[in-house]
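No value in this document is a laboratory result; all are computed from the given coordinates. These numbers were taken from a predicted model, which means no experiment stands behind them. Note: ideal-geometry Cβ built from the backbone for every residue, glycine included; neighbour counts use all protein chains shown.
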Amino acid sequence: MKPASFKYYAPRSVDEAAALLGDLAADDGRILAGGQSLLPSMAFRMAKPAHLIDINRIATLANIDLEKDIVRIGACVRHAAFESPERVPGPTGVLLGKVVRNLAHPPIRARGTFCGSLANADPSSEWLCAAAALDATIIARSRDGERRISSVDFFQGVMTTDLRDTEMIAAVELPLLPADTRSGFVEFSRRRGDFAIGMVLAAFRIEGDRAVDVRIAVGGVEATPRRISEAEAVLTGSAADEETFIAVAETLADVVDPTQDDQHPVEYRRSLIRTLAYRALKSAT
Ligand SMILES: Cc1cc2nc3c(=O)[nH]c(=O)nc-3n(C[C@H](O)[C@H](O)[C@H](O)COP(=O)(O)OP(=O)(O)OC[C@H]3O[C@@H](n4cnc5c(N)ncnc54)[C@H](O)[C@@H]3O)c2cc1C
């Protein structure tokens, strides 16, 4: 099927895009980034936006900018950018590289964007789990200016965010993790490249012989991705060994509140998360 007709706009600056969105949001105007979620749903006529604001010609949005301890990912940075370890230095780049290998297929990674995934807010998206684990800050832009939103406030439910109709994501900020941070990311999907049924991201450092700066997040099992503080507490201050990893995985499985569907009962997802947590911790290097 072909999409319903729409008006197309190609702004050359963020100011212009934000102004267009301000004018057109009430008449179902939408941002077009990589198009890897929006265009298929338009082709199926599940989405029928009257106006498409294509941000791909705004050169600055393709940038990955580094500051002292932050990396800022522009709205048109493709998933594939994170396959190149040099784009984001240090452990944050290593972590994003581990995550992106699991995301979809090469053609989709070549077009789809990091920020578009966050805007789309599919709980099975790998970037949502990474954003939660790293306490991302979402930079929203409207014609009225900029609003900074923490990932905790941003993800509000399945495909639901705190972003207003008149706001676009201009960029997302992530912390540059300390040099000795270890990370592991493991997901399970039926076929390689499919959306995941569950995923766990773990990151921590070792000080002396104890784990510190622990971040453990789950995605794909609840309506929104989140850090699991109870599991982080089990690892924090403990030896990063087999016994602790099993205890962390047990805690994680107890604490998550999985959504249920016909194919994946709650107990199945709980058991899956236990296994994924153990493997994510064990693989953390
Ligand atoms: C076959 C297939 C398999 C896939 N598998 C996976 C997978 O395993 N994991 C995964 O994470 N994703 C997967 N995807 C989705 C893909 O990653 C998309 O690229 C991503 O979800 C959306 O990013 P996009 O840039 O393509 O956004 P678009 O499709 O352009 O937009 C998606 C939505 O977000 C809005 N939006 C986009 N950018 C912005 C912005 N800057 N500001 C405000 N709103 C914005 C749009 O208006 C639209 O509503 C898959 C897609 C396909 C077709």
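With a simple spin-label model that places each label point 7 Å from the Cα along the Cα-to-Cβ direction, the separation between residue 62 and residue 19 comes to 2.4 nm.
One quarter of the convex hull surface built on the alpha carbon atoms of segment 59-175 amounts to 7.0 nm², the projected area averaged over directions. Note on residue 98: aspartates and glutamates with a C-alpha under 13 Å away, same-chain residues under 8 apart excluded, are 83, 126, 187. As a proxy for reagent exposure, ranking 159, 42 by other Cβ atoms within 10 Å from fewest up yields 159, 42.
Just add up the charged neighbours of residue 72: K/R +1, D/E -1, any other residue whose Cβ is under 15 Å from the Cβ of residue 72. Around residue 72, the charge tally is -2.
For segment 1-41 versus segment 66-82, the inter-centroid distance based on Cα atoms is 22 Å.
The Rg/Rh ratio for the chain is 0.98, where Rg is the radius of gyration of the alpha carbons and Rh is the Kirkwood radius. Secondary structure note: in the chain, about 85% of the DSSP beta bridges are antiparallel. Summarising the amide proton neighbourhood of residue 70: residues at separation of 5 or more, or on other chains, whose placed amide H is nearer than 5 Å comprise 176.
Among the trypsin sites (Lys or Arg not before Pro) in segment 153-190, those placed in a DSSP loop whose Cβ has at most 10 other Cβ atoms within 10 Å are 190. Both the radius of gyration and Dmax for segment 191-285 are 13.2, 47 Å, in that order, over alpha-carbon atoms.
Dividing the summed -39500 (n - 2.57) terms of all DSSP H runs of n ≥ 4 by the residue count of the chain sets its mean residue ellipticity at 222 nm at -9000 deg cm²/dmol. Check cross-link reach from residue 68 to the aspartates and glutamates: straight Cα distance under 13 Å, and skip same-chain residues fewer than eight apart. Output for residue 68: 173.
The loop-placed trypsin sites (Lys or Arg not before Pro) in segment 1-90, going by DSSP, that have at most 16 neighbouring Cβ atoms within 10 Å of their Cβ come out as 12, 45, 57, 68.
Within the straight-line cut-off of under 16 Å between alpha carbons, the lysines reachable from residue 48 are 2, 7, sequence neighbours fewer than 8 places apart in one chain being disregarded. Among residues other than residue 239 with Cβ under 13 Å from its Cβ, the summed charge is -4 (Lys and Arg +1, Asp and Glu -1).
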